[in-house]
Amino acid sequence: MRAVVTVIGKDTVGILANISSACAKHQNNILEVTQSVMQDLFVMIMLIDISKSNIPFTEFSDEMSALGTEMGLSISAMHEDIFNSMHRI
């Protein structure tokens, strides 16, 4: 099972470190990362393996959202099945 994590906000030090630490804390392995900084706007998309997660995905998603609020970012975690359903033609 995989999930897509998106991050958008003002570029600051430690964004990747904080998010990857939160993933590691719950045994979620980061498979791929793409990130860009456009002027002062930070944008990142991560594909993570959640098959060995030690918490339910809904709880992880809520934690990511709360971390975003704490850091002044928009962080969203979406299960791969939902992501695929939304983007199926």
Report task. Output the number of the condition that residue 19 fails; it satisfies all remaining conditions of (1) touching a helix residue (DSSP H, G or I) at 6+ places or on another chain (Cβ under 8 Å); (2) under 22 Å from residue 84 (Cα atoms). Result -> (2)
Report task. Determine which single condition residue 27 fails, assuming it passes every other condition in (1) within 10 Å of the chain's Cα centre (by Cα); (2) not in a helix (DSSP H, G or I). Result -> (1)
Report task. Take residue 64 and decide whether it is under 12 Å from the mean Cα position of the chain (by Cα) and in a helix (DSSP H, G or I). Result -> yes
Query raised in the report: Is there a residue being within 13 Å of residue 68 (Cα to Cα), modelled with pLDDT of 95 or more and not polar (S, T, N, Q) anywhere in the range 28-38?
Result: no
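The rows are residues; the columns are (1) at pLDDT 95 or above; (2) touching a Leu at 6+ places or on another chain (Cβ under 6 Å); (3) assigned to a strand (DSSP E or B).
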position	(1), (2), (3)
12	no, no, no
43	yes, no, yes
51	yes, no, no
60	yes, no, no
Requested in this report: Please work out which residue is farthest from residue 22 (Cα to Cα), limiting yourself to the range 34-89 and to residues that are of a type in the set (D, E, K, R) and in contact with a Lys or Arg (Cβ under 7 Å, 6 or more places away or on another chain).
Outcome: 40
Requested in this report: Go through the range 21-71 and give me each residue that's exposed (fewer than 12 other Cβ atoms within 10 Å of the Cβ) and on the phi > 0 side of the Ramachandran plot.
Outcome: 39
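The values are calculated or read from the model by the stated rules, or taken from the named source; none is laboratory data. What you see is a predicted model, and the numbers here were worked out from it, not measured in a lab. All Cβ positions, even for glycine, are placed from backbone atoms using ideal geometry, and neighbour counts span all protein chains on display.
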